[in-house]
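The values are calculated or read from the model by the stated rules, or taken from the named source; none is laboratory data. Since this is a predicted model, take the numbers as computed values, not measurements. FYI the Cβ positions are ideal-geometry reconstructions off the backbone, even for glycines, and counts take in every protein chain you see. To get the accessible areas, we keep the full protein, side chains included, count just its heavy atoms, and leave off ligands, DNA and RNA. Shrake-Rupley method; radii C 1.70, N 1.55, O 1.52, S 1.80 Å.
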Amino acid sequence: PLDAARVARLACQGRVEAQTAFEVAGRYLGIALASLTTTLNLEAAIICGGVAPSLELMLPSLVNELRMRCFPQILTDFSILRGEL
């Protein structure tokens, strides 16, 4: 069975399907974060859980969505962080 860690390994090995999965996930996460950030004027988003170790794979599409959907002033001090326990 596939889990986030295995799909991340496949993406790092160059598997296009796995890379696309993270691109799409980043896109949808970016859409959600853009809505929340614009509404609540957030300073940061902390990404936790099973996908946190593979945040780098989602980050380009996530940041792209934020840039398209948020006012530049909102993103000036906004940070995306990986949660750590």
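Amide H to amide H, with H built 1.01 Å from N, Ile80 comes under 5 Å of Ala45, counting only residues 5 or more places away or on other chains. In sequence order, segment 2-12 has phi-based couplings of 8, 10, 4, 5, 5, 5, 5, 4, 5, 5, 5 Hz under the Karplus curve 6.51 cos²θ - 1.76 cosθ + 1.60, θ = phi - 60°, and Gly or Pro positions carry x.
Each Lys and Arg adds +1 at its Cβ and each Asp and Glu adds -1 at its Cβ; summed about the Cα centre, the chain shows a dipole of about 180 debye. Site pair Met68 and Arg15 shows an inter-label distance of 2.6 nm when each label is modelled 7 Å from Cα along Cα→Cβ. Applying a DSSP loop filter and a limit of 14 other Cβ atoms within 10 Å to the GluC sites (Glu not before Pro) in segment 32-65 leaves Glu43.
Expressed in units of 2.2 N^0.38 Å, where N is the residue count, the Cα radius of gyration of segment 5-76 is 1.15. Here the Karplus relation 6.51 cos²θ - 1.76 cosθ + 1.60, evaluated at θ = phi - 60°, turns the backbone of segment 31-47 into coupling constants of 4, 5, 5, 4, 5, 5, 5, 5, 6, 9, 6, 5, 9, 7, 10, 10, 8 Hz, with x for every Gly and Pro. Per-residue surface analysis assigns Val16 an accessible area of about 90 Å², computed on protein heavy atoms at 1.4 Å probe radius.
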